[in-house]
Structures are given as structure tokens and as C-alpha cells.
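Asks: Can you keep this structure in mind? I'll have questions shortly.
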Amino acid sequence: MKNKIFSFKVKKMSRSLSQNDRFMINLFKYGTSILLFLLSGSLLILMQGQNPLVAAQAIFKGAFGSKMAFGNTLRWTAPCIMTGAAAIVAFKAGVNNLGIAGQVTIGGFAAGIIGAFLNLPPVLHVLLIILVAGLFGIVWSIVPAVLRLFFNINEFITTLMLNYIADFLTQYLVQQILAGGLDSWGYVNMNATPTINESAVLPTLIPGTSATLAVPIAFFIAFAIAYLYKYTIQGYELKQVDENLKFAKAGGVRVVQRFIVIFLLSGLIAGMCGGIEVIGTYKKFNCNFAANMGWDGISIARIAELNPVGLVFVSFIWAALKAGAMQMERVIEVNRLTVQIVQYLFVLFVSIDYEGIYMRAKDRRMKKQYQKEHQKEAEERA
């Protein structure tokens with residue numbers, strides 16, 4: 001009986017995490033994850049007959065070794081931040097928006113069409129494209145929101161399926177409508193819209209590099225999301241929706257409106273990301289250009305623990321690995337996909353229940369300490 005009472009007391013004490021506990025858990029979590037990341041990356045590189053230290057030097061040089069390299073890192077940072085922000089908006093409220101890639105694709109397609117077939121003054125043209133791309137992202141995100149609210153179809157399934165629909169739909173529109181299809185070509189080999197007009201091109205941030213104004217836009221979005229959730233009532237209400245819609249409704253939160261707002265805001269950011277990528281980097285819409293962007297954003301948001309400020313730092317590191325991987329492939333005979341494999345392994349490492357491991361270790365330590373003290377008291381009484 002005493003053991004049961006003690007077990008309950010220890011569990012109660014250990015579950016109330018102090019600031020020091022949280023610091024130790026995070027240190028344990030990220031320290032272990034980074035160590036496993038380095039070990040798995042080294043092993044994969046050694047399996048290809050190369051030196052991991054040489055590969056690491058090549059990655060660093062490819063990410064920071066020159067102005068062009070640093071610009072390329074910033075170029076990848078922008079979509080990482082924006083897709084990560086779209087994921088954070090959804091996941092903080094318990095909404096499973098796995099359709100970020102589809103929303104990016106649809107937004108990018110809208111940008112490619114408006115950029116190529118509409119002539120406007122430069123600034124107005126760019127602003128219109130970003131706005132319309134965001135609106136297309138919103139439209140694509142309304143579908144799973146409506147299906148969840150009124151037909152009780154889990155958004156986990158609908159958003160995932162809409163990724164494929166977005167891919168196939170845009171391929172059809174590009175190949176069969178814009179390219180003229182089989183009747184015009186005999187076979188379809190057009191996988192991109194025409195190049196956008198000069199007035200639609202997003203200005204460069206650092207001359208001579210691929211970094212554009214997408215970078216400050218992405219930073220603004222990340223810090224706007226941080227402000228929304230930390231300092232506004234609306235942000236508090238969005239977090240309260242979570243997966244339990246009935247509970248949120250009982251708490252006075254306007255569930256239907258907030259649930260839709262979550263999807264619309266997430267879709268808006270993802271659609272804008274697609275539009276900015278098209279007018280900033282590719283200068284045309286390429287089919288399947290957003291293949292990994294959605295999963296990158298979800299992974300980065302998971303590593304950052306849905307913290308918008310942490311998102312910026314994690315996105316920068318993720319982008320540096322992406323940029324450096326290309327240099328590594330050029331310099332030594334290591335496939336750049338090796339870096340991508342290790343990136344996603346890191347997400348798995350971070351997802352381990354480190355808090356549970358820490359708390360169980362703490363429980364055992366406290367139990368042993370209690371038993372020693374109890375034994376000492378017994379000896380003193382004897």
C-alpha cells in the first residue's frame with residue numbers, strides 16, 4: 001500500500017515540470033537527435049566510400065562559402081519558413097493540414113498564369129500575383145474545412161488526397177490546355193507555363209544571387225504569426241479549437257468560424273509561398289515544383305515545436321543543408337539525396353518521447369532516493 005501511495009506521489013511530483021526540467025528535456029532531446037543525425041549521416045557517407053568530414057566541409061562551403069552560396073541558402077530559407085508557418089497555424093489548433101504541398105502548387109499555378117498572360121506595371125503586377133496566389137491557396141483549403149465541418153470527413157485524408165489532385169490537375173491544365181494536348185503535339189512534352197513577364201518578376205534581394213524579396217516577406221509572416229498567437233485574443237481562440245471541437249464550443253469559442261479561419265490562414269500562406277516561388281525563383285510554373293515543400297514545412301514545424309521564432313532558425317539550417325548538398329554532390333561522389341534522407345531521419349529522432357524517458361528516469365531516481373531515506377530512518381529507529 002505504501003509503495004502505491006509513494007508511486008502516486010512521485011508521479012504527481014515528477015509530472016509537474018519545472019523550468020529546469022524543461023531545459024534538461026530539451027537539452028537531452030536535441031543533443032541526442034543531433035548526435036544520431038551526425039552518426040547516421042556519417043554512416044551513409046561512409047557506405048558511399050567517402051569521408052564524412054570532407055562531405056561536411058563541402059556542405060558548409062556550398063551554404064556559406066561565397067556570396068552566391070549564401071544567397072542560395074537564403075533562397076531556400078524563404079519557402080521553408082512559409083510552408084512551416086502554414087503548418088504551425090494548422091497544427092497549433094490541432095488541424096491536420098497535410099495539404100500544404102497542394103496549396104503551394106495551386107498558388108504557383110495561378111502565379112504562372114497571371115505572370116505570363118497579364119501585363120501590368122511592375123509593383124502592381126507582383127502584388128496582384130501574390131494576392132491571387134494566396135486566394136487560390138485559400139480556395140484549395142476551403143474544401144477539406146467544409147468536408148470536416150459538415151460531413152465529418154477527417155481532414156487528414158482530404159488534405160492528403162488534394163495534394164495529388166492539385167498535381168494532376170495542374171499537369172492536365174499545362175499539358176492538355178496550354179500545350180494543346182495530343183492533337184497539337186502528337187505527344188505531350190510541355191511541363192511548364194510560358195515564362196512570366198519581366199514586370200511580374202520578384203526583385204532580387206542580393207544582386208548576383210538567387211535570394212529575392214521572398215526572404216523578408218517570409219520573415220514578416222513568421223513574426224506576424226508569433227505575434228498573433230502570443231499577444232492577441234484571436235490567436236488564443238485559434239489555439240483553443242484544437243481537435244476537440246465540442247469542448248472549444250462549450251468554452252465560448254466560435255468553433256465553425258475559427259476552424260475555417262485556421263484553414264484559410266494556413267492555405268493563404270501556402271498559396272502565397274507557391275506564387276512567390278514561381279515569380280521569384282523559377283520565373284514560370286513547373287509541374288511538380290512543390291513536391292517536397294509541404295513535407296519540408298511540416299517537418300521543420302515539428303522540429304521547431306510549433307514555435308514561429310524557432311521556425312526561422314530551423315528553416316535557415318534546413319535551407320543551408322539543402323544548398324550545401326548540391327555543392328557536396330558536385331565536389332565528391334555523394335548523392336545529395338543523402339542529406340535529404342538524414343534530414344527526415346532527424347525529424348524521426350526529434351519525435352521520440354524524450355519527456356517520457358526523462359520522467360521515467362526521474363521517477364526511478366526519486367524512488368531510490370526515498371527508499372534510501374526510508375531505510376536510513378528505519379536504521380536510526382532500530
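The values are calculated or read from the model by the stated rules, or taken from the named source; none is laboratory data. The model shown is predicted, which means the values in this text are computed figures rather than measured ones. Positions of Cβ are backbone-derived with ideal geometry, glycine not excepted, and every protein chain shown enters the neighbour counts. The area values use the complete protein model at the heavy-atom level, side chains included, leaving out ligands, DNA and RNA. Shrake-Rupley method; radii C 1.70, N 1.55, O 1.52, S 1.80 Å.
Per-residue answers, yes or no, for (1) without any contact (Cβ under 8 Å) to a residue 24 or more places away in the chain; (2) over 21 Å from the mean Cα position of the chain (by Cα):
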{"residue": "F23", "(1), (2)": "yes, yes"}
{"residue": "G41", "(1), (2)": "no, yes"}
{"residue": "Q50", "(1), (2)": "no, yes"}
{"residue": "A56", "(1), (2)": "yes, yes"}
{"residue": "G65", "(1), (2)": "no, yes"}
{"residue": "A69", "(1), (2)": "no, yes"}
{"residue": "T77", "(1), (2)": "no, no"}
{"residue": "A86", "(1), (2)": "no, no"}
{"residue": "I113", "(1), (2)": "no, yes"}
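Asks: Can I ask one more? Can you tell me which residue in the stretch 125-158 is nearest to I114 (Cα to Cα), limited to those that are open to solvent by 50 Å² or more (accessible area, probe 1.4 Å) and of a type in the set (F, W, Y)?
Replies: Only one residue tops the list, namely F136.
Asks: When only residues in the stretch 279-313 that are polar (S, T, N, Q) and modelled with pLDDT of 90 or more count, which is most open to solvent (accessible area, probe 1.4 Å)? Steps first, answer last, please.
Replies: Taking the stretch 279-313 as the starting set, the residues that turn out to be polar (S, T, N, Q) are 281, 286, 288, 292, 299, 307.
With the extra rule that they be modelled with pLDDT of 90 or more, the set shrinks to 281, 286, 299, 307.
Numbers: T281: 46, N286: 45, S299: 12, N307: 71 Å².
Taking the candidates together, the pick is N307.
Asks: Determine whether V342 is in contact (Cβ under 8 Å) with a residue 24 or more places away in the chain and in contact with a Gly (Cβ under 6 Å, 6 or more places away or on another chain).
Replies: yes
Asks: For residues that are under 22 Å from Q234 (Cβ atoms) and polar (S, T, N, Q), scanning just the stretch 97-111, find the one that is surrounded by the most Cβ atoms within 10 Å (Cβ to Cβ).
Replies: Going residue by residue through the stretch 97-111, those that are under 22 Å from Q234 (Cβ atoms) are 97, 100, 103.
Imposing the further condition that a residue be polar (S, T, N, Q) reduces the set to 97, 103.
Details: N97: 29, Q103: 37.
Result: Q103.
Asks: How about the stretch 263-276: which of its residues are of a type outside the set (S, T, Y) and within 16 Å of the chain's Cα centre (by Cα)?
Replies: Residues of the stretch 263-276 that are of a type outside the set (S, T, Y), as a first pass: 263-265, 267-276.
If the condition is that a residue be of a type outside the set (S, T, Y) and within 16 Å of the chain's Cα centre (by Cα), then F263, L265, G267, L268, I269, A270, G271, M272, C273, G274 are the ones that fit.
Asks: While we're on this one: Can you pull out every residue in the stretch 224-233 that is over 17 Å from G134 (Cα atoms) and either hydroxyl-bearing (S, T, Y) or in contact with a helix residue (DSSP H, G or I) (Cβ under 7 Å, 6 or more places away or on another chain) (or both)? Don't jump to the end; show me each part of the working.
Replies: Within the stretch 224-233, the first condition is being over 17 Å from G134 (Cα atoms), and the residues that meet it are 226-233.
If the condition is that a residue be over 17 Å from G134 (Cα atoms) and either hydroxyl-bearing (S, T, Y) or in contact with a helix residue (DSSP H, G or I) (Cβ under 7 Å, 6 or more places away or on another chain) (or both), then A226, Y227, L228, Y229, Y231, T232 are the ones that fit.
For every residue, the table says whether it meets (1) of a type in the set (V, I, T); (2) open to solvent by less than 50 Å² (accessible area, probe 1.4 Å).
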residue	(1), (2)
F28	no, no
S40	no, yes
I45	yes, yes
A78	no, yes
V95	yes, yes
